[in-house]
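Everything on this sheet refers to the single structure shown next.
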Amino acid sequence: MACEHVKADLRRNHIGFLGLVKSLLLPNCINAILLIRFHFWLEKHRLPTFLPYRLLMHVHGFELGRQCRIGGGLFLPHPRGVILTDGTVIGERASVYGMVRFLREHAGTPVLGDDVFIGDGARFVGGVKVGNDVTVGAAALVLKDVPDHAIVGGVPARVLKMKPSNHE
């Protein structure tokens, strides 16, 4: 499963062999994604995760909580300032830009569907559920569930428009 996620991440980010070698030597967005996947692998095998956690935190400014799940095909062009609280779930082919926060509240942690685009500085608070094929605008504050195929924005976030689904 993890290997398939890494392959999907590399495909989504158009990274070939040379790009992969470069990302292992220099900190960039692919390096951050590989550290995230390594963290998940260590966590799955109940091994210490402090090395990838510290590298993500200090090199990329990315904070990754425990028991998070992120589907394959992650696009993370600006990992700085992204925080995933314990238990956050993000689906396949997500695009997450900088300064995005997934925050725990007594009602739980955020769960996002597949093919979600999240603009800079968006915040997800508590057990909100975000559907598939959703666009979340920059600096949006998501406090309520978001249906499939929605474009949301604002503080607090509200549905601005519905996209046509692929099945219509």
Along the Cα→Cβ direction, 7 angstrom out, place labels at Leu42 and Lys7. What is the inter-label distance in nm?
2.6 nm
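How high is the FRET efficiency from Val59 to Ala139, r the C-beta distance, R0 22 Å, rounded to 0.05?
On the way: r = 25 Å, r/R0 = 1.15.
According to the calculation, E is roughly 0.30.
List Ser165, Ser23 from most exposed to least, where exposure is judged by having the fewest other Cβ atoms within 10 Å.
Sorted ascending by nearby Cβ count, the order is Ser165, Ser23.
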Average silhouette area of the stretch 74-125, convex hull of alpha-carbon atoms, in square nanometres:
3.1 nm²
Packing-wise, with mean Cβ within 10 Å as the measure, how do 53-65, 80-92 rank, highest first?
80-92, 53-65
³J(HN,Hα), Karplus 6.51/-1.76/1.60, whole Hz, each residue of the stretch 108-124, x for Gly, Pro:
x, 10, x, 10, 10, x, 7, 6, 9, 10, 10, x, 3, x, 5, 10, 10
Around Leu84 (Cβ within 15 Å, Cβ-to-Cβ, excluding Leu84; K/R +1, D/E -1) the net charge comes to +3
For Lys129, give me every one of the lysines with a C-alpha distance below 17 angstrom, ignoring sequence neighbours fewer than eight places off in its own chain.
Lys144
Dipole of the chain, positive direction: furthest Cα of Trp41, Gly73, His60, with charges on the beta-carbon:
His60
222 nm mean residue ellipticity, helices alone, for the chain (DSSP H n ≥ 4; -39,500 (n - 2.57); rounded to 500)
-7500 deg cm²/dmol
Going by Cα centres, the stretch 131-168 and the stretch 24-41 are how many Å apart?
29 Å
Would you pull out the residues with amide H under 5 Å of Leu160's amide H, same chain only if 5 or more places away, H placed 1.01 Å from N?
Ile151, Val152, Gly153
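Dividing the convex hull volume of the alpha carbon atoms of the stretch 110-150 by its residue count, what do you get in Å³ per residue?
Values: hull volume 2.0 nm³, N = 41.
Taking only Cα atoms, the stretch 110-150 has a hull volume of 49 Å³ per residue.
Once you have the alpha carbon radius of gyration of the chain, what is it after dividing by 2.2 N^0.38 Å, with N set to its residue count? Let's see the in-between values first.
Numbers: Rg = 15.5 Å, N = 168, 2.2 N^0.38 = 15.4 Å.
Normalised Rg, Cα atoms only: 1.01.
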Once both labels are modelled 7 Å past Cα along the beta-carbon direction, what's the His106-Lys129 spacing in nm?
2.2 nm
Rounded to whole Hz and in sequence order, give me ³J(HN,Hα) for the stretch 51-61 from the Karplus expression 6.51 cos²θ - 1.76 cosθ + 1.60, θ = phi - 60°, writing x for Gly and Pro.
5, x, 4, 5, 5, 4, 5, 8, 8, 10, x
For Lys22, list the aspartates and glutamates whose Cα falls under 20 Å from its own Cα; do not include residues on the same chain fewer than 8 positions away.
Asp9
Size of electric dipole in the stretch 2-162: Cβ of Lys, Arg +1 and of Asp, Glu -1, about Cα centre, debye, nearest 20
260 debye
So what J values fall out for the stretch 24-35 if you push phi through Karplus, 6.51 cos²θ - 1.76 cosθ + 1.60 with θ = phi - 60°, rounded to Hz, Gly and Pro as x?
6, 9, 10, x, 8, 5, 5, 4, 4, 5, 5, 5
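Readers should treat all values here as calculations from the given coordinates under stated rules, not as data from a laboratory. Nothing here was measured: the structure is a model prediction, and the numbers come from that model. Neighbour counts are summed over all protein chains in view; Cβ atoms, including those assigned to glycine, are modelled from backbone coordinates with ideal geometry.
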